[in-house]
Amino acid sequence: MTRYFGTDGIRGQAFSELTEETAYRIGRYIGQYPDGHPNTILISRDTRESGEALLEAIKRGVLKSGGTLLDEGVSTTPSVSFLVEANHYDYGIMISASHNPYSDNGIKLFAPTGEKLAEAIEEAIEDYIDSKEDYLPVKEGKYLYSPELKEQYLAFLCSNFHGKKGVRVLCDLANGSASMVAPSLFAKLGLDATFINASPNGRNINDHCGSTHMEGLAELFAHGGYDLAFAFDGDADRCLAIDKSGRMIDGDAEIFLGALSLREEGKLKGGKVVITVMSNFGLRKALDDLGIGYEIVSVGDKYVQAKLKECGLSIGGEQSGHVIFASSLNTGDGLLTAIKLLNIYSSQPSVYAELPKLKVYPQSLVNIRFSNKEECDGALLNPAVQKAMKEAESILGADGRLLVRTSGTEPLLRVMAEHLDEATCRRSVSLVVNTIKEAYPCAE
């Protein structure tokens, strides 16, 4: 089991939990893995102020191992996935903490296929991080600043667009990676686009904006005469949307529409999709009613991707807006998701008209933050907490469900319930949350 890597790379507070030494060691190891032969590696980062220092540390490590480091500059996480596979690079590295605040940062690693690294490689990197000696041979590498690679990624995104031009869209770029890509992309697509939160300063990424804070976007959208609104997270691998009816289109709705679109085109492989345990109960019911099957996996895009690959399926994702269109890309891409929604909205109106069939069950979700991951994991096994969970499940009965799980990236315990009756949801969640806080007074 990995010690530093979570479900989406290594993540933590910059320079205290995620240090420059750790970044250097990652670069040093991946620069020559697995056989000592120098590798060609693509690197990018989001707009956090700590990103440049962490990139420099990784750079020192890669070059000391004799590797060639191609620096795309500030760009999106999925751009790294795409470019690594398209150009047959050995590895890709993205410096980002996704939707987390600016004070956090992370390092995501991609295999030559554009997929996240296998756990065995992550464990080998962790062993090297923990080793007292730097036992790897020293060689001389090469660094190339290569922002032109972004144009190749933009061309890929444009190739997926077959909707109508002139659609009016409002985009919240979260002061993150999308700020450096979306304006050029939407201009190339011929869309009438307005952008907000597109002026990153190193500290305002995800700050009351983007896909985790959509209140401002929704207010502007309601009075702007737009067709669609899109909100991205810090590294633009997620996308949420709003349509003219005021409906929030989350990852569940994106999967629903994407599956129907693919089926209409005869491209829904296996007649199934991949969803996670966090997907709304209403999505399962809607898919059942339409004769579309589904595989359920744990939360984490790497689990979605693995199941898509295992079963040879076309689409899957998370409620958070992290959706993988597997026939186009091996990872979730918020900009690609926006393009797919634009295609459906403007060119497949009969498919888009099916969206009301997706009835969202009321959901109550509370996140409880602990001081460390060990305490968080332990709370899930606490006898009093387990007893409260059983009582909550009894309250919910057959018309609802309870899900209590730890976050893969933060010391959070997530308590969620769904039921036809919203009050029953809240009561069930409160029972479990109050029990946890009684047992762990320092939890927030």
Here are a few candidate values for semi-axes √(5λ) of the Cα gyration tensor in Å: [x] 34, 24, 22; [y] 34, 29, 20; [z] 75, 29, 22. Which one was actually calculated from the structure I just gave you?
[y]
What is the distance in Å between the Cα centres of segment 98-133 and segment 269-332?
24
Got a sec? Which residues in segment 349-368 would a label at Arg426 touch, if it sits 7 Å along Cα→Cβ and we count backbone N under 15 Å?
362-366
At 7 Å along Cα-to-Cβ for each site, give me the label-to-label distance between Ile296 and Lys244 in nm.
3.7
When only alpha-carbon atoms count, how far does segment 377-444 stretch along each of its three principal axes, as whole angstroms with the largest first?
31, 24, 17
Could you work out the relative contact order of segment 320-444? I mean the mean sequence separation of Cα pairs under 8 Å and 6+ apart, divided by the number of residues, in percent.
26
Report the dimensions of segment 139-228 along its three principal axes from the alpha-carbon atoms, largest first, rounded to Å.
58, 34, 16
What's the carbon and sulfur percent of the chain's accessible surface, probe 1.4 angstrom, rounded to a whole number?
50
Output the peptides 255-263, 421-429 sorted from most to least packed, where packing is the average of other Cβ atoms within 10 Å over each peptide's residues.
255-263, 421-429
222 nm [θ] for the chain, helices only, -39500 (n - 2.57) per DSSP H run of 4+, per residue, to 500?
-11500 deg cm²/dmol
Unit charges at the beta carbon, dipole of segment 200-262: most positive-side option, Thr212, Gly258, His223:
His223
Using a probe radius of 1.4 Å on heavy atoms only, what accessible surface per residue do you get for the chain? Whole Å² is fine.
40
Percent antiparallel among DSSP beta bridges confined to the chain, rounded to 5, stands at 50
Of the GluC sites (Glu not before Pro) in segment 81-179, those whose Cβ has at most 15 other Cβ within 10 Å and which sit in DSSP loop
Glu133, Glu140, Glu148
Taking 8 Å as the Cα distance limit and 6 or more residues as the minimum spacing, I'd like the relative contact order of the chain as a percentage.
13
Would you calculate the separation in nanometres between label points at Ala120 and Arg203, each defined as 7 Å from the Cα along the Cα-to-beta-carbon direction?
4.6
Too long for a 19 Å Cα-Cα cut-off, among Lys150/Lys267; Lys285/Lys357; Lys302/Lys390; Lys285/Lys387; Lys164/Lys272; Lys116/Lys340, are Lys150/Lys267; Lys302/Lys390; Lys285/Lys387; Lys164/Lys272; Lys116/Lys340
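The values are calculated or read from the model by the stated rules, or taken from the named source; none is laboratory data. Predicted model, so just to flag it, every value in this text is computed and none were measured. FYI the Cβ positions are ideal-geometry reconstructions off the backbone, even for glycines, and counts take in every protein chain you see. Areas reflect the complete protein model, heavy atoms only, side chains present, ligands, DNA and RNA absent. Shrake-Rupley method; radii C 1.70, N 1.55, O 1.52, S 1.80 Å.
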